[in-house]
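Please read the structure below before turning to the comments.
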Amino acid sequence: MNNKAEQIKETFNQYVIPSYGRFDLVLSHGQGCYIWDTDGRRYLDLGAGIAVSALGHAHPLIVETLRRQAQRMIHTSNLYYHQGQGLLAKEITGRIAPGKCFFSNSGAEANEGLYKLARRFGHDSGRYEIITALNSFHGRTLAGIAATGQEKVKTGFDPLVEGFNNYVPFNDLAAVEAAIGPRTAAILIEGVQGEGGIEPASPEYLLGLRKLCNEHNLLLMMDEVQCGYYRTGSYCSFQEILKDVAGAEEFLPDAISMAKGIGAGFPLGGFWVRAPYADILGPGSHATTYGGGPLACAVALKVLEVIQKESLAENVKAMSRLFKEGLRELSERYPDLLGGVRGMGLMLGISLNTESGVFSGASPASIQFTNALRQVGLLSVPAGGSIVRFLPPLNITRQQVEEGLSLTEKAIASYGSS
Ligand SMILES: Cc1ncc(COP(=O)(O)O)c(C=O)c1O
């Protein structure tokens, strides 16, 4: 590592709170699906942040939109109206169903809005509990870690926010039914668990949850922060999961949170609420200074325009087939390292074989293999101890998918497998 990189790391070590485990990589700039470190080494970026850079790095239309909007108006508070926020809410609503949107700055904050919605919804009947899933991830705010079904995010932060002590196994309808009690107001799940290891909800689970929520007068809330925004090939993951499923035409969650890809790297989050509940959060009930500002909304509108004009939903599906097939072949050829492929669209994971003894050593297999991929020039994202995720830009090309597969094979070869 060069002197500049060492200096940057040193400044971090001295002045930045060490709450992140960082890889030993100092990044400099990006272009499309590639990113460079300060040594000038190029990487194929199949993490896209963590499913954020939906159009890759430095997309010219996003750069131009940022520049133009910055010249007009970067910020105005939510004390006033401006065109972009309304238009973005209309575009999002048009992709889901009649309802309304609120804009925040991040995914965790989008979910905070869902918790407040559920609290208001259940308030007059004394209900405030939200059932969430084991292995889920909903962000790092105090309520976010309470909602998240993973112990590691909660350590040392008790007492936790009340109303989230019901974590049920994912895709297990009977467990949800058993968890519903007199204080339950809502159920919150991811359409595809991301941090939990790329685990899609089954169609039966989604339809069953809707039925349970109808029967018990609960809100069905979906966290689409990672799996939404066309990552699966449809705007929301549930739309893709339920495509062509009999009886699914009427399916609709009551509220949906989103972030990550919405601004393709510009910080923005938000949530959509279905028509009958869209006015529960009335004037004075919820707010944020920056959320839905002119710059963020201009970028988000451009992101949607590019996705549509460049038919990126179709690209996601075509590239997914290619990528999945290639990863499947690799896992068949190298069973000592790879256990199998999971996921949908461009939210893919490979599970690592932690039984074969290849991944010995103190750090989890997912970190070891992510490092091995980085060493051959490919960026990926670990999930849990034994899954490595690929969350590339939605405009990734066939050639880049093929490059990703051959780099993965190169990383496999570094373990001496034949
Ligand atoms: C499903 C899900 N929800 C919420 C969050 C939190 O989003 P943010 O990091 O923008 O607060 C994440 C982040 O990884 C996520 O994957």
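According to the Kirkwood expression over distinct Cα-Cα pairs, how big is the hydrodynamic radius of region 293-418, in Å? Kindly include the intermediate steps, with their values, before the conclusion.
Values: mean 1/r = 0.0645 Å⁻¹.
Its Kirkwood hydrodynamic radius stands at 15.5 Å.
Can you pull out the chymotrypsin sites (Phe, Trp or Tyr not before Pro) in region 139-212 whose DSSP state is coil and whose Cβ has at most 12 other Cβ atoms within 10 Å?
PHE157
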Backbone N within region 1-30 under 18 Å of label point (7 Å from ALA58 Cα along the Cβ vector): 26-30
Amide H contacts of LEU134 (H built 1.01 Å from N, under 5 Å, at least 5 apart or other chain): VAL168, PHE170
Amide H partners (placed H, <5 Å) of TYR34, local residues excluded: ASP45, HIS57
Cβ-based exposure ranking for GLU112, GLU310, in which fewest neighbours within 10 Å come first: GLU310, GLU112
Projected label distance in nm at PHE23 and ARG333, using a 7 Å step from Cα toward the beta-carbon: 2.2 nm
Relative contact order of region 78-143, pairs being alpha-carbon contacts under 8 Å that are 6 or more residues apart, as %: 26 percent
Angle in degrees between helix 3-15 and the longest Cα principal axis of the chain, rounded to the nearest 10: 40 degrees
Kirkwood Rh (inverse of mean 1/r, distinct Cα pairs), region 73-309, angstrom: 17.8 Å
Net charge of Cβ neighbours under 12 Å - reference ALA147; Lys, Arg +1; Asp, Glu -1: -3
Crossing angle, helix 203-216 versus the chain [Cα axis fit, 0-90 degrees, rounded to tens]: 20 degrees
Projected label distance in nm at SER406 and LYS152, using a 7 Å step from Cα toward the beta-carbon: 3.4 nm
Cα centroid of region 348-372 to Cα centroid of region 149-207, whole Å: 26 Å
Angle in degrees between helix 107-123 and the longest Cα principal axis of the chain, rounded to the nearest 10: 20 degrees
Radius of gyration and Dmax over the Cα atoms of region 1-106, both given in Å: 18.7, 55
Estimated [θ] at 222 nm from DSSP helical runs (n ≥ 4, -39500 (n - 2.57)) normalised by residues in the chain, nearest 500: -11500 deg cm²/dmol
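Just so you know, all these numbers are worked out from the coordinates, no wet-lab data involved. What you see is a predicted model, and the numbers here were worked out from it, not measured in a lab. FYI the Cβ positions are ideal-geometry reconstructions off the backbone, even for glycines, and counts take in every protein chain you see.
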